[in-house]
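Shown next, in structure tokens, is the structure this report addresses.
The values are calculated or read from the model by the stated rules, or taken from the named source; none is laboratory data. Nothing here was measured: the structure is a model prediction, and the numbers come from that model. Cβ coordinates were reconstructed from backbone atoms using ideal geometry, including for glycine residues, and neighbour counts include every protein chain displayed. These area figures cover heavy atoms from the full protein model, side chains too; ligands, DNA and RNA do not enter into them. Shrake-Rupley method; radii C 1.70, N 1.55, O 1.52, S 1.80 Å.
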Amino acid sequence: MVIFAKNVSLLLAMKFKRVVVLTGAGISAESGIKTFRDSNGLWENHAIEDVATPEGFARNPQLVYDFYNARRKQLLSPDVTPNKAHIALANVASRFAERFVLITQNVDNLHERAGNTDVLHMHGELQRARCVRSGKTITTTGDIDGHHHCTCCHPSQALRPDIVWFGETPQYMSQIEAALCQCDIFVSIGTSGNVYPAAGFVELAKNHGAHTVELNLEPSAGKNNFAEHHYGLASVIVPQFFNASMK
Ligand code: NAD
């Protein structure tokens, strides 16, 4: 059962000026997209080293293209749609406007489809492909492989999925760090707290005075860094939390 300390939350609501939310794979689980760690470190039955590292791409590029092509195709399935948690965040965003920052580790487009316009995809986006030389990205909903080339370089170069793999630098880090240092509430949703630097965001926000909240199915690796916790399905606890605390 989820119990909310309503009075505390209402009191906090009066103080909220800047809200930062971090989401992970757990927010999309009920939309039909498997989390990273659903089955012992495998992602959709693949070893992470094979499909989410630069070394894996160098070893077997076709396997990696195929893996992300399948993930991209999945986003077009009528079965994959934003759930109530994505929608709740779109409502908060419309209320707080530029005082709300949404950071996601997810590479799906469910936040955008729920109505969030400015999403910081720190680990990249499935529906983008990136030139291996210039780093410029293009939007794509179709498959890419080693035969697709950029139009930005001469001679044109190969395209790769615009996914930040393990060992690579996440995107938007300066914007993210600035937002974490300025927010007065930081809410982490559906993330296991195992992947850095995202797992360290709570400490940065806390050290700059933010109230910190974890909304997850189960306690995360960094649970002790959060002042407030609610455990349950994202589609239930995310709307409940924001309805109770942002009145
Ligand atoms: P993770 O798989 O490590 O952890 C997911 C967390 O979500 C777990 O703590 C789990 O308990 C929780 N969870 C599962 N179902 C939930 C639900 N219905 N409601 C609330 N919480 C739920 O994922 P992570 O922490 O985001 O880190 C893994 C990496 O995987 C990310 O970098 C991301 O790029 C990548 N990834 C992305 C997607 C996506 O875009 N949807 C999917 C899989 C993996």
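Axis of helix 234-245 versus longest Cα principal axis of the chain: the two differ by about 40°, to the nearest ten degrees.
What you get for the stretch 134-247, charging only the Cβ of Lys and Arg (+1) and of Asp and Glu (-1), is a dipole of about 140 debye around the Cα centre. With one equal scatterer per alpha carbon and no solvent term, the Debye-computed log10 I(q)/I(0) for the stretch 110-247 at 0.12, 0.22 1/Å reads -0.61, -1.37. Each of Thr169, Gly232, Gly209 was placed along the dipole of the stretch 134-247 (beta-carbon charges, centred on the mean Cα), and the one lying farthest toward the positive end is Gly209.
About the centre of its Cα atoms, the stretch 39-111 shows a dipole size close to 360 debye [charges on the beta carbon of Lys, Arg (+1) and Asp, Glu (-1) only; nearest 20 debye]. In the distance distribution for the chain, Cα-Cα pairs more than 28 Å apart total 32 percent. Computed with a 1.4 Å probe over protein heavy atoms only, the accessible surface of the chain comes to 48 Å² per residue.
Note on the chain: antiparallel DSSP beta bridges, both residues inside, total approximately 35 percent of the bridges counted. Given Lys73/Lys206; Lys136/Lys223; Lys84/Lys206; Lys34/Lys136, which pairs have Cα atoms separated by over 32 Å? From the list (Lys73/Lys206; Lys136/Lys223; Lys84/Lys206; Lys34/Lys136), the Cα-Cα distance tops 32 Å for Lys73/Lys206; Lys136/Lys223. Taking the Cα centre of the chain as reference, the dipole from Cβ charges on Lys and Arg (+1) and Asp and Glu (-1) amounts to some 680 debye. Round to a whole number: what % of the accessible area of the chain belongs to carbon and sulfur, probe 1.4 Å? Carbon and sulfur atoms account for 53 percent of the accessible area of the chain.
Helix 61-75 and the longest principal axis of the Cα set of the chain meet at an angle near 50°. Solvent-free Debye calculation, one equal scatterer per alpha-carbon of the stretch 16-138: log10 I(q)/I(0) at 0.10, 0.13, 0.18, 0.22 Å⁻¹ equals -0.35, -0.58, -1.03, -1.34.
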